[in-house]
Amino acid sequence: MRRVCVFTGSRAEYGLLKPLLERFRDDPDIELQTLVSGMHLSPEFGLTYREIERDGFPLSETIDMLLSSDTPAGLGKSTGLGLIGFSDALARLKPDVLVILGDRFEALAAATAAVFHRIPVAHLHGGESTQGAMDEAFRHAITKMSHLHFASTEEYRRRIIQLGEHPSRVFNVGAIGLDVMEELDFLSKAELETDLGFELGDRNLLITFHPVTLENQSAEQQFRELLLAVDQLTSAKAIFTKANADTDGRVINQLIDRYVAENPERATAATSLGQLRYLSALRLVDAVVGNSSSGIIEAPSLGVPTVNIGDRQKGRTRAASVIDCAPVAADILAACRLAFTKELKKIARTAENPYRQKNTAGRIAKIIGSAEFADLKKAFFDLPQDCFRGL
């Protein structure tokens with residue numbers, strides 16, 4: 001029996017991993033383990049490990065790593081604590097493979113610990129580019145520490161190979177989060193309103209804004225510009241989902257709380273909507289606004305326009321329904337008004353999602369279940385010399 005350990009450090013990435021976890025749990029040849037950490041264990045971020053328990057998955061190891069500080073020094077120390085805790089946990093679990101999705105600092109610490117233990121890493125969503133966030137560096141570092149790679153587009157598969165990974169271990173499988181939508185029993189408008197305790201309006205926005213860790217303008221400045229734009233959209237109501245544990249995340253969350261308190265008829269906020277409520281809300285709103293990857297990857301599959309603010313997602317492949325704008329109130333306002341138009345809504349309804357493929361979770365599970373891990377040595381895959389002509 002193969003022991004497969006799945007790492008999860010945040011509510012968002014757990015929702016994406018859920019269909020893969022289900023397949024591992026139901027496979028008689030797989031012993032499923034979980035390594036749970038990061039925001040899942042924080043009261044400030046909703047103690048979302050409870051959702052993992054409710055879904056019937058084992059909490060094999062829980063590693064509390066987050067300090068109360070989201071300063072650069074605080075996050076560096078949290079990463080160090082994670083490395084210590086994950087190393088001890090992996091020594092106890094002894095998995096045959098560790099599955100990691102994405103590019104956060106928690107994932108970087110988990111991958112690093114796995115390398116020391118000579119545990120192969122299977123990495124999802126490598127090869128992508130987010131030029132406005134330090135996750136860009138973490139993602140590519142995890143790629144070089146991984147043995148199997150599951151890219152969400154062919155462009156990203158090629159980029160992983162460009163980093164020296166052998167093509168035989170790099171697979172274009174699509175975005176795993178889109179599997180969920182095909183099986184999800186969405187909440188109706190009435191059910192969502194009851195659940196949120198908030199009545200939707202004629203126009204509605206779902207707003208998720210995360211810290212911009214590599215941009216010159218601070219996250220606080222950019223978010224204040226977003227709130228100025230929302231203020232001028234007097235006919236629209238707003239559902240805010242709170243920011244993650246990156247630098248300045250707490251500042252954003254404080255501004256959200258203040259705005260909702262001052263505008264209770266127009267706005268509501270949730271620390272964690274969870275997958276069902278989030279995707280149900282996404283399906284019912286007129287636009288997704290902010291800088292989250294969900295506006296790039298998930299929203300197009302539900303035919304909803306995206307207003308993508310700033311450079312956090314710069315470099316990611318996107319559908320025609322995504323409107324990019326500068327983090328300035330006037331530009332955000334103009335982009336939102338464009339998203340409300342019949343022309344853009346028509347584009348959103350018919351736009352092709354470049355991340356959509358069939359049975360992504362099933363294909364990943366099959367490859368991980370049958371892969372050979374006897375030899376972890378990796379020769380660097382060099383590109384042909386003619387690729388460099390003219391560089």
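The values are calculated or read from the model by the stated rules, or taken from the named source; none is laboratory data. Everything numeric here is computed off the predicted structure, so don't read it as measured data. Cβ sites come from the backbone with ideal geometry, for glycine too, and all protein chains shown count toward neighbours. For the accessible areas, the whole protein counts, side chains as well, though only heavy atoms, and no ligand, DNA or RNA atoms are used. Shrake-Rupley method; radii C 1.70, N 1.55, O 1.52, S 1.80 Å.
Computing the accessible area with a 1.4 Å probe over protein heavy atoms, can you report the carbon and sulfur percentage for the chain?
On the way: 8340 of 16410 Å².
Reported share for carbon and sulfur atoms: 51 percent.
Using only DSSP helix segments of four residues or longer, with each worth -39500 (n - 2.57), what per-residue ellipticity at 222 nm results for the chain after dividing by its residue count and rounding to 500? Spell out each step's value before the answer.
Numbers: 15 runs with 164 residues, N = 391.
Using -39500 (n - 2.57) per qualifying helix, the result is -12500 deg cm²/dmol.
Using a ≥ b ≥ c from the Cα gyration tensor of segment 342-391 (square roots of the eigenvalues), is it rounded, prolate or oblate, where a/c under 1.5 gives rounded and otherwise the larger of a/b and b/c decides, a/b for prolate?
Oblate, because a/c is 1.5 or more while a/b does not exceed b/c.
Normalised by the residues of segment 31-93, what does the relative contact order come to in percent, with Cα pairs under 8 Å and at least six apart? Intermediate results must be reported in sequence, preceding the final value.
Details: 71 pairs, mean separation 19.4, N = 63.
Result for segment 31-93 is 31 percent.
What number comes out for accessible area per residue over the chain if the probe is 1.4 Å? Units Å², please. Don't jump to the answer; show the numbers that get you there.
Numbers: 16410 Å² over 391 residues.
The answer is 42 Å² per residue.
Where the only charges are on Cβ atoms (+1 Lys, Arg; -1 Asp, Glu), what is the dipole of the chain about its Cα centre, to the nearest 20 debye?
Details: 45 positive and 52 negative charges, 151 e Å.
For the chain, the charge dipole is close to 720 debye.
With θ set to phi - 60°, apply the Karplus curve 6.51 cos²θ - 1.76 cosθ + 1.60 along segment 46-55 and write out the HN-Hα couplings as whole Hz, x wherever there is a Gly or Pro.
For segment 46-55, the Karplus curve yields x, 6, 6, 4, 4, 5, 5, 5, 4, 7 Hz.
Among GLN357, GLN33, PRO58, whose Cα sits farthest toward the positive end of the charge dipole of the chain (+1 at Cβ of Lys/Arg, -1 at Cβ of Asp/Glu, about the Cα centre)?
Value: GLN357.
Give me the distance between the Cα centres of segment 160-186 and segment 120-140, rounded to whole Å.
Cα centres, segment 160-186 to segment 120-140: 13 Å.
What shape does segment 161-286 have by the C-alpha gyration tensor, where a ≥ b ≥ c are the square roots of the eigenvalues, rounded means a/c under 1.5, and otherwise prolate means a/b greater than b/c and oblate the rest? Display every interim value, and only then the final one.
Working: a/c = 2.57, a/b = 1.31, b/c = 1.96.
It is oblate, given that a/c is not under 1.5 and a/b is not larger than b/c.
Of the listed pairs LYS94/LYS377; LYS144/LYS242; LYS242/LYS346, which have alpha-carbon separations greater than 26 Å here? Show your work: numbers first, answer last.
Working: LYS94/LYS377 19 Å; LYS144/LYS242 31 Å; LYS242/LYS346 29 Å.
Checking Cα-Cα distances, LYS144/LYS242; LYS242/LYS346 exceed 26 Å.
Search the structure for amide H atoms under 5 Å from the amide H of LYS314, placed 1.01 Å from N in the peptide plane, and list their residues when 5 or more places away or on another chain.
Excluding prolines and chain starts, which carry no amide H, the hits are GLN131, GLY132.
If you average the C-alpha positions of segment 354-385 and of segment 215-254 separately, how far apart do those two centres end up, in angstrom?
The two parts, judged by their Cα centres, are 38 Å apart.
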